Structure formats: structure tokens, C-alpha cells
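The values are calculated or read from the model by the stated rules, or taken from the named source; none is laboratory data. If you're wondering where the values come from, they're calculated on a predicted model, not measured in any experiment. Cβ: placed from backbone, ideal geometry, glycine included. Neighbour counts: every protein chain shown.
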Amino acid sequence: MLDYDDVWKMVQQLGGAPVQQQDHRLLFEFMGFVRSYLQARDDLQNDNLLDAHSSALAALHHWARIELIEKQVQPETSVWRQIRRYHPGIHKLYEELTGNEESLEQRLKLVLLGCEFSLMDKMKSCSSLIFQVLKSREEPWSLKELQHHASLSWLEADLALLVNKLLARGYVREVAVIGPDGSFSNLEMKLYSVL
């Protein structure tokens, strides 16, 4: 699993305009946000409250970094001090999660509700790099082709998870493509952007 510094170095090696670099950073943080949120939700459903707490805290951290990147502010190591100034709502959720008198389960439910809303709100803007790749050619893309594209290869297995979320939201569509031999026995599902 790549960390933020690894992805940032890779983005700089790829070059491109600052907007493209920002798209890479947003997608990286968004994937961390999605993974952490889903893990926290699963842990909460299985009554693993301490694990859910840890994952919810990670989700808030990714969300905070997304907000800072969108405002073109370089996230610092101590992101909570920064985010208080730029997005007090996330900081308030952080405070609710870490220092409230309600039960841990109630605090987790509150934070995950906020995260779920933000995930739906941020999905389109944070996935713009995927949409750019999908639109870069006329014919639809297979998931395997996307996973091997230079701009997306670092996502590894996470790309399938995100593509499924994009399909569910209607941002991406699947189409059946007839195999090279012209028979229907070799149909392949490929993807294209509707945005």
C-alpha cells in the first residue's frame, strides 16, 4: 500500500500541470477516505467499536486533507490545527469523536453520518482523474486497462472499489462489447464516463 509521500513523488515524476497533480492528490485522499469509512462502518456493524473509532478517525483525517487540497493549501502533519481554520465542521466532528460524553457508539454513528454525506458530495470532484482517463479515447475501457493506465496504476485493487461506487452513482456506465471474433460468447464489460 502506497502512502501519501510515495504517491506525491510519483505524481511529481509524471509531471503535468498543477491541476493534474491536484487531481492525483485528491483521488489518493478520496480513496483513503472511502476505505477508512467503509472499514469504520463494517467495524461498527460488527460491534468492534475501538476499531471503528480508529478507522473513523482516519476517515476524518482524509476528509480534512481533501478539503485543504481543494482550497490549494498544502496539508501539514498536524492537520487538525489547519482544518479548524478552513473547515470548522470537520474539526467539530473530530472533537465529537475524541472528546464527547455520549457513548462511543453514538459518537461513531454521528461521525459516519457526516462522512457518508461528504463521500457522496465529494465523489464526482475527487474522481475527476478517472473521468479524464475514461474520456481520453473513443472506445470504452476495461477495468484491467484502467488499472494499467499510467495515471491510475498506483490505485491497484482500490480502483475496482471506486469504479463500483461510480457505477452506483451513475457517473460511469458499463457497456457489453463483443469480442474480437465477433461472437457473443466473448462479451466483455467495459466502462465509459457519462460526465
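From the list Gly99, Gly114, Gly89, the one residue that fits, being touching a helix residue (DSSP H, G or I) at 6+ places or on another chain (Cβ under 7 Å), closer than 23 Å to Ala56 by Cβ, among the small types (Gly, Ala, Ser) and in the same structural domain as Phe28 (by TED's automatic domain parsing), is Gly114. Each residue in region 164-195 was checked for being under 22 Å from Ser127 (Cβ atoms) and out of contact with any Ser or Thr (no Cβ under 9 Å at 6 or more places or on another chain), and 10 pass.
Among the residues of region 55-85, what is the count of those that are outside any loop (DSSP other than H, G, I, E, B), in contact with a helix residue (DSSP H, G or I) (Cβ under 8 Å, 6 or more places away or on another chain) and surrounded by fewer than 15 Cβ atoms within 10 Å (Cβ to Cβ)? Break it down into steps so the answer makes sense when it comes.
So in region 55-85, the residues outside any loop (DSSP other than H, G, I, E, B) come out as 55-70, 79-85.
If we keep only those that are in contact with a helix residue (DSSP H, G or I) (Cβ under 8 Å, 6 or more places away or on another chain) too, we end up with 55-70, 79-80, 82-84.
Next, only the ones that are surrounded by fewer than 15 Cβ atoms within 10 Å (Cβ to Cβ) stay: none.
The qualifying residues number 0.
Working carefully through the options Leu119, Leu110, Leu187, Leu161, find the one that is crowded, with 18+ Cβ neighbours inside 10 Å and of a type in the set (A, V, I, L, M, F, W, C). Walk me through it before giving the result.
Details: Leu110 fails: crowded, with 18+ Cβ neighbours inside 10 Å; Leu187 fails: crowded, with 18+ Cβ neighbours inside 10 Å; Leu161 fails: crowded, with 18+ Cβ neighbours inside 10 Å.
Of Leu119, Leu110, Leu187, Leu161, the one residue that is crowded, with 18+ Cβ neighbours inside 10 Å and of a type in the set (A, V, I, L, M, F, W, C) is Leu119.
Evaluate region 120-137: report whether one residue or more is under 19 Å from Asp47 (Cβ atoms), assigned to a helix (DSSP H, G or I), touching a helix residue (DSSP H, G or I) at 6+ places or on another chain (Cβ under 9 Å) and free of Cβ contacts under 8 Å to residues at least 24 places away in the same chain. No, region 120-137 contains no residue that is under 19 Å from Asp47 (Cβ atoms), assigned to a helix (DSSP H, G or I), touching a helix residue (DSSP H, G or I) at 6+ places or on another chain (Cβ under 9 Å) and free of Cβ contacts under 8 Å to residues at least 24 places away in the same chain. Between Ser54, Ser36, which is farther than 15 Å from Lys109 by Cβ, modelled with pLDDT of 95 or more and more than 17 Å from the chain's Cα centre (by Cα)? Matching residue, one of Ser54, Ser36: Ser54.
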